[in-house]
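Participant: Here's a structure for you.
Any read-out appearing in this document is the output of simple, stated calculations on the displayed coordinates, not a laboratory observation. Quick caveat, the model's predicted, so the values are computed rather than measured. Every residue, glycine as well, gets a Cβ built from its backbone with ideal geometry; the counts of neighbours run over all protein chains shown.
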Amino acid sequence: MISTSEKAAYLLDMDGVIYRENILIPGARELIDQFRESNVPFLFLTNNSMPTQEDLVVKLAHLGIPGLTPEHFYTSALNTADFLRTVQPASTAFVVGEGGIVSALRDAHIPHDNMHPTYVIVGEGTPTVEKLNRAHELLERGARFVVTNPDNWCPAGPDKTRPGAGALAAYLEASTGVRAYYLGKPNPFMYACACQRLLKGRPELSMADVFMVGDTMETDIRGAVEYGLKALLVLTGSTRLEDLENYVYQPTAVIADVRVLGDHLRNKQPLENLHSLHERAGIVRERSSVDRHQAYVPDLRYRRARPAMTK
Ligand SMILES: [Mg+2]
């Protein structure tokens, strides 16, 4: 059993935690209502660099959580812009990506440059072969290589996925031999920027009070552990309870879904940690050869298991 104290703030992954395939996960709306009623700080944290903060406000309103503002969201696109602004404010960029990454760079006053960019930036999207060829040429000429997020694939429906920014980056890494730098989860810079936003104007709270709630071990949970935050794994997304034995890092606690967290905050009851139940039951599973990869993603809805990220 663990207990979240009165003093707490929450970073929330979205897909697999709040919604799945454009359907709200039960308990998600109640959890956000509970946060707002109790004045608990929360921030949605997503590796999808395609939507803008405004897009996400509209999306969640359509799904059944109205009244959010752009400041409730932090994306890997914003993280990439924050990174460039921090390390090299006078840079220019050639972008292979759509939507959020383009507007984040514009807001950060980082100009588009298809001749001699400081950076080639790969984000989520469906680029043309011509665009990939240009990125390849610019990397060969010495541009630095940054990727908004390391995800190899993204959910695109109940039984299908699409290639993610990590897969596009792998293509260009292979063709140029240039190794990319990946922003977004699990990069600690994502968590550092997110915590800054989450805790702004709340001097009574510190990093020790922050929980990351996520469904993916390689990104949400790994990043939280490496940055020193508490991590709550929910089982409504890409991870099953029995998969935990395959990972060297572990969440602080495992809960069935966000409804459990909402009930816990409302009723002040201890949070039931499914992981310790699992360990107490002494469930030991023979590992098949396909399970040996640490980043094995077990969702049987997809025919081919493969790592969520390889970096
Ligand atoms: Mg997720």
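Participant: By the scheme Lys and Arg +1, Asp and Glu -1, what is the net charge of all other residues having a beta-carbon under 14 Å from that of residue 74?
Facilitator: Charge balance in the 14 Å sphere: -4.
Participant: Looking only at the chain, where both bridge partners belong to it, what percent of the DSSP beta bridges are antiparallel (to the nearest 5)?
Facilitator: Just about 20 percent of them are antiparallel.
Participant: Which of 101, 121, 18 has the fewest other C-beta atoms within 10 Å, and how do the rest follow up to the most?
Facilitator: Listing 101, 121, 18 from fewest to most nearby Cβ atoms yields 18, 101, 121.
Participant: Right, another one. Please work out how many pairs of lysine residues in the chain are eight or more positions apart (or on different chains) and have Cα atoms closer than 30 angstrom.
Facilitator: Counting lysine pairs in the chain gives 23.
Participant: Can you compute the label reach from residue 71? Point 7 Å from Cα along the Cβ direction, backbone N cut-off under 13 Å, restricted to the stretch 187-221.
Facilitator: It comes to 197-202, nothing else.
Participant: For the stretch 80-141, give the magnitude of the charge dipole about the Cα centre (Cβ charges: +1 Lys/Arg, -1 Asp/Glu; no others), in debye to the nearest 20.
Facilitator: In total the dipole reaches around 120 debye.
Participant: May I ask which residue of 96, 47, 269 lies farthest towards the positive end of the charge dipole of the chain, with charges of +1 (Lys, Arg) and -1 (Asp, Glu) on Cβ and the Cα centre as origin?
Facilitator: Checked the options; the winner is 96.
Participant: While we're on this one: Through the Karplus equation 6.51 cos²θ - 1.76 cosθ + 1.60, θ set to phi - 60°, convert the phi angles of the stretch 40-49 into ³J(HN,Hα) values in whole Hz; use x for Gly and Pro.
Facilitator: Those phi angles translate into 8, x, 8, 8, 6, 10, 10, 7, 6, 8 Hz.
Participant: Among residues other than residue 135 whose Cβ falls under 15 Å from its Cβ, what is the net charge (Lys/Arg +1, Asp/Glu -1)?
Facilitator: With Lys, Arg at +1 and Asp, Glu at -1, the net is -2.
Participant: Counting only helical runs of four or more DSSP H residues, what would the 222 nm mean residue ellipticity of the chain come to if each run contributes -39,500 (n - 2.57) and the total is spread over all its residues?
Facilitator: Computed mean residue ellipticity for the chain: -9500 deg cm²/dmol.
Participant: Now for a separate question. Note down the magnitude of the dipole of the chain about its Cα centre, charges +1 on Lys and Arg C-beta and -1 on Asp and Glu C-beta and zero elsewhere, to the nearest 20 debye.
Facilitator: Result for the chain is approximately 320 debye, rounded to the nearest 20.
Participant: Based on the Cβ-Cβ distance of residue 116 and residue 87, what FRET efficiency does E = 1/(1 + (r/R0)^6) give at R0 = 22 Å, to the nearest 0.05?
Facilitator: Working from the Cβ atoms, E equals 0.75.
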